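Let me begin by presenting the structure, written as structure tokens, before commenting on it.
The values are calculated or read from the model by the stated rules, or taken from the named source; none is laboratory data. The structure displayed is predicted, hence computed values, not measured ones. No Cβ is skipped: glycine too gets one built from the backbone with ideal geometry, and neighbour counts run over all protein chains shown.
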Ligand SMILES: Nc1ncnc2c1ncn2[C@@H]1O[C@H](COP(=O)(O)OP(=O)(O)OP(=O)(O)O)[C@@H](O)[C@H]1O
Ligand SMILES: [Mg+2]
């Protein structure tokens with residue numbers, strides 16, 4: 001199983017989700033390989049610092065990513081790839097090799113617009129691969145409090161992108177922001193990480209259940225022309241209603 005975490009938008013939570021997912025699998029005794037496809041190497045530093053038992057491979061060139069992922073797949077329970085902040089060829093390579101894709105997304109208009117481009121690339125990868133692979137979920141990440149207007153309508157708004165959305169939302173939390181710096185996972189951070197840990201663990205369980213049952217039923221045909229490319233706040237909310 002190859003799991004890729006992608007979004008051309010920078011800072012949406014790709015590395016946070018990819019690293020926590022990898023740590024979660026390692027702690028469950030699974031044989032994990034990690035591909036850091038982002039030139040910033042932030043996930044590599046985090047994983048090395050934490051000392052989790054997994055091989056980390058840094059690779060940013062598209063063809064090399066395809067070859068690396070294919071070579072790692074047979075010997076590991078799961079290969080997790082952290083994508084770069086651009087619609088680079090490396091993102092396309094990940095979409096062409098992944099079995100399952102997670103697209104973290106915030107709820108502001110610029111994030112939705114960038115995410116729409118990523119969804120378009122995913123749909124084109126499915127077309128090239130002749131069907132509904134890779135299976136994919138959007139993940140609402142770095143979401144502000146309930147009083148924030150876009151948060152309240154975010155779930156409906158994000159559904160306009162046409163992909164299934166994970167039930168569990170990652171709220172903007174200090175412990176989550178600090179986990180990379182502490183080179184750890186939120187569930188080791190004690191009382192100050194309690195809420196962050198609860199929601200991260202719930203999300204990872206939810207994702208694991210989806211990943212074990214990747215199927216076509218969740219993936220109604222998505223045409224690129226049906227993906228909204230331009231948004232405005234009233235438009236997002238109006239479309240969602
Ligand atoms: N749920 C959250 N609550 C608070 N801070 C968060 C949360 N998720 C991520 N962050 C912080 O937001 C910043 C961006 O997150 P992260 O590095 O995971 O995003 P990214 O999509 O990988 O970014 P890039 O595109 O630059 O690689 C980081 O400082 C991270 O610690
Ligand atoms: Mg990153």
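Do you know which residues across the stretch 89-99 are touching a strand residue (DSSP E or B) at 6+ places or on another chain (Cβ under 7 Å) and crowded, with 21+ Cβ neighbours inside 10 Å? Step through it out loud before you land on a result.
At the first step, the residues of the stretch 89-99 found to be touching a strand residue (DSSP E or B) at 6+ places or on another chain (Cβ under 7 Å) are 94-95, 97-99.
Passing the criteria: 94, 95, 97, 98.
If you take just the strands (runs of 3 or more DSSP E) that sit entirely in the stretch 39-152, which of them hold at least 3 residues that are in contact with a helix residue (DSSP H, G or I) (Cβ under 9 Å, 6 or more places away or on another chain) and more than 21 Å from residue 203 (Cα to Cα)? Walk me through how you get there before you give the answer.
Working: elements: 55-58, 78-82, 100-105, 135-140.
Fully inside the stretch 39-152 and qualifying: 55-58.
Can you confirm whether residue 50 is modelled with pLDDT of 95 or more, touching a strand residue (DSSP E or B) at 6+ places or on another chain (Cβ under 9 Å) and within 15 Å of ligand 1 (Cβ to nearest atom)? Working first, answer last.
Details: modelled with pLDDT of 95 or more: yes; touching a strand residue (DSSP E or B) at 6+ places or on another chain (Cβ under 9 Å): no; within 15 Å of ligand 1 (Cβ to nearest atom): yes.
Here the answer is no, as residue 50 does not meet what is asked.
Of all residues being part of a loop (DSSP other than H, G, I, E, B) and touching a residue at least 40 places away in the same chain (Cβ under 8 Å) in the stretch 16-38, which is nearest to ligand 1 (Cβ to nearest atom)? Just the residue, please.
Here is the first cut: in the stretch 16-38, the residues part of a loop (DSSP other than H, G, I, E, B) are 28-31, 37-38.
From what is left, the residues that are touching a residue at least 40 places away in the same chain (Cβ under 8 Å) are 30-31, 37-38.
On the way: 30: 22, 31: 24, 37: 10, 38: 5 Å.
Out of the qualifying residues, it is 38.
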